Amino acid sequence: MRKILNIALLGLLAFFTVLMVRITLPYLAFEDHVAFLRIKQWVIENQFWKGAFYTHVLTSCFCLLAGFTHFNRPLLSKVPQAHRSLGYLYIITILLFAAPSGLIMGWYANGGWTSQTAFILLSLLWWWFTFQAFRLARLGNFSAHRRMMVRSYALTLSAVTLRAWKFVIAATLRPHPMDMYMVVAWLGWVPNLLVVELYLAGVFQRVWKAWKRKGSSPNLELDP
């Protein structure tokens with residue numbers, strides 16, 4: 001079961017990483033009327049926000065890629081130094097660039113205080129989990145370090161899950177764009193964190209074992 005889940009997870013992470021790279025590429029033209037920037041014209045002239053936007057977009061894409069390699073056990077077993085090097089790059093990128101720039105963007109988020117609160121909390125938790133992962137690794141507590149890194153990467157994946165929720169809601173419910181934006185601001189990361197906490201608590205593993213026991217239990221009913 002674990003092997004199947006790992007393969008499925010790696011496949012999903014690879015797909016979403018490539019998807020985010022494709023989404024990011026149009027911004028490399030540094031034009032003011034591209035994709036997301038079309039709805040940010042009211043703040044596009046603010047160089048403080050603009051710098052934060054490009055910093056966040058470019059570094060977050062790297063974080064997705066670097067984090068993805070940490071779940072590739074064959075790679076880590078063959079090149080163990082890659083884990084430490086990419087881990088440091090992942091942590092430094094989030095602590096110094098991606099999370100702080102996300103905090104600035106959260107302050108200017110569309111949708112008022114509802115969206116702003118969601119994105120600000122996301123940035124603060126992202127920074128905190130990543131910092132704790134770094135601190136625990138320095139202390140040699142690698143079990144707790146891994147748990148914090150899983151939480152950190154769950155929030156890194158919010159870049160993907162936010163867009164996935166946006167697509168699903170737009171295709172099924174067709175709400176007003178701003179109403180949808182306020183909802184996906186929370187859906188983009190809260191479910192990620194809930195799933196991770198259930199995983200770390202061993203809930204999924206216990207459910208799987210219970211299901212296997214039920215499926216393998218002998219049928220004690222007698223034929224008439």
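The values are calculated or read from the model by the stated rules, or taken from the named source; none is laboratory data. Predicted model, so just to flag it, every value in this text is computed and none were measured. As a convention, Cβ positions derive from the backbone with ideal geometry for all residues, glycine included, and neighbour counts pool all protein chains shown.
Applying the criterion of at least 1 residues that are under 20 Å from residue 25 (Cα atoms), at pLDDT 90 or above and not basic (Lys, Arg) to the helices (runs of 4 or more DSSP H) found wholly in region 42-101 leaves 47-69, 80-93.
Checked against (1) farther than 14 Å from residue 94 by Cα; (2) surrounded by 20 or more Cβ atoms within 10 Å (Cβ to Cβ); (3) aromatic (Phe, Trp, Tyr), residue 126 meets all criteria but (1). For region 149-195, taking the residues that are of a type in the set (Val, Ile, Thr) and under 11 Å from the mean Cα position of the chain (by Cα), the one that is nearest to residue 119 (Cα to Cα) is identified as 190. Looking only at residues in region 129-148 that are in a helix (DSSP H, G or I) and not hydrophobic (A, V, I, L, M, F, W, C), the one that is surrounded by the most Cβ atoms within 10 Å (Cβ to Cβ) is 130.
Total residues in region 70-113 satisfying the condition of being closer than 30 Å to residue 41 by Cα, touching a His at 6+ places or on another chain (Cβ under 6 Å) and surrounded by fewer than 18 Cβ atoms within 10 Å (Cβ to Cβ): the figure is 0. Keeping to region 46-69, report how many residues are farther than 22 Å from residue 154 by Cα, among the aromatic types (Phe, Trp, Tyr) and crowded, with 16+ Cβ neighbours inside 10 Å. Total meeting the criteria: 1.
Checked against (1) under 21 Å from the mean Cα position of the chain (by Cα); (2) surrounded by fewer than 17 Cβ atoms within 10 Å (Cβ to Cβ), residue 116 meets all criteria but (2).
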